[in-house]
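The values are calculated or read from the model by the stated rules, or taken from the named source; none is laboratory data. The shown structure was predicted, so the numbers you read here are calculated from the model rather than taken from an experiment. Every residue, glycine as well, gets a Cβ built from its backbone with ideal geometry; the counts of neighbours run over all protein chains shown. The protein model used for the area step is the full one, side chains on, heavy atoms only, and it has no ligands, DNA or RNA in it. Shrake-Rupley method; radii C 1.70, N 1.55, O 1.52, S 1.80 Å.
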Amino acid sequence: MPAPRTYRCEGLTLRKSTLGEADLLITFFTKEQGKVRAVAKGARRSTSKLVGHLEPLTQGRFSMSTGKSLDYINQVQIINSFSEIKSDLAGVTKGLYVAELVDGFGAEANANPALFNLAVDTLQAIQNSPESEWPLRFFEIHLLAVSGLMPELYRCVECNQDLSPGEHRFSPSLGGTLCSNCLPENTYIRPLSLPALKVLRLIHRGPIAELMPLNVDDHLAEELKSLTGGIVSYWLEREIRSKSFLDQMQRETRGQVYT
Ligand SMILES: [Zn+2]
């Protein structure tokens, strides 16, 4: 058996679970090699130097060593613990939604530094404005873009004609906007308002700082959320648990905030 090799990487922790009596199994997304699952030996012992360094939503530099099936985390140097997100219920719920989507869209042994940077920038935006919904809408659209799944927003995906104002619909499975003339069969097609289309284009053009001051009414906010969340869910092909929790929490509190 070859001797263990050590290496370093920069990563963002996504989730953790217990392993054996004192270990943790950590899933994190690294800049250098995509999603990694690794064992933190003895990390649940109060004497471990890893205690408090492996909570989900922690950005750090990881010192690793290779193992037979899973690698091992030896040391973590925290870059950003996003402590203000973790102390705010709205913030932490949004942050865990981001982590769950990175987990769902990120692949093992497949570096995607653009996705890593997007996740970190989004968490920073959530930390700055935990009540705002814009960081999540920005994240969802740019998550699709950096995953090679960006929906078409300017032409009809069936006939390739430019869209006329007011005459457009949307199909997640066909990959974007449809004109009013095209009626593909056996396809889920949803309405798409002109204001929602314009905001989607604005989100895609970025940067996030230009989006933050934008005010939209509740109706448009709901359309955007349902649209971007629907596209992401379509690609994940599974229910996003933290999003369900987020929806429930927002229904129980004050609704969405886009300021
Ligand atoms: Zn068409």
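Within the range 148-247, the chymotrypsin sites (Phe, Trp or Tyr not before Pro) that combine a DSSP coil assignment with at most 14 other C-beta atoms in a 10 angstrom radius are Y154, Y188.
Pairs exceeding 32 Å between alpha-carbon atoms, taken from K16/K68; K41/K225; K35/K225: K41/K225.
Cα centroids of the range 52-113 and the range 149-186: 37 Å apart. Backbone amide hydrogens, once placed in the peptide plane, bring N74 within less than 5 Å of S63, M64, S65, excluding anything fewer than 5 places away on its chain. About its Cα centre, the dipole of the range 84-252 is roughly 180 debye, where the only charges are +1 on Lys and Arg Cβ and -1 on Asp and Glu Cβ.
Cross-link partners for K31 among the aspartates and glutamates, with Cα-Cα distance under 20 Å and sequence neighbours closer than 8 places in the same chain left out: E10, E55, D71, E100, D103, E108, D121, E140. When only Cα pairs below 8 angstrom with a gap of at least 6 residues are kept, the chain shows a relative contact order of 15 percent. DSSP bridge analysis restricted to the range 84-252 gives an antiparallel fraction near 90%, rounded to the nearest 5. P(r) for the chain, from all Cα pairs and a bin width of 5 Å, is 1, 6, 13, 16, 17, 15, 11, 9, 6, 4, 3, 1, 0, 0 %, short bins first.
Taking all protein chains together and rolling a 1.4 Å probe, S83 ends up with roughly 70 Å² accessible. Quick one: 3J(HN,Hα) in Hz for the range 224-233, Karplus 6.51/-1.76/1.60 with θ = phi - 60°, rounded, Gly and Pro as x. Karplus values, whole Hz, x for Gly and Pro: 4, 5, 5, 5, 5, x, x, 5, 4, 5. For the range 211-220, putting each phi into the Karplus relation 6.51 cos²θ - 1.76 cosθ + 1.60 with θ = phi - 60° gives couplings of 7, 4, x, 5, 10, 10, 7, 4, 5, 5 Hz, in residue order, rounded to whole numbers and with x for Gly and Pro.
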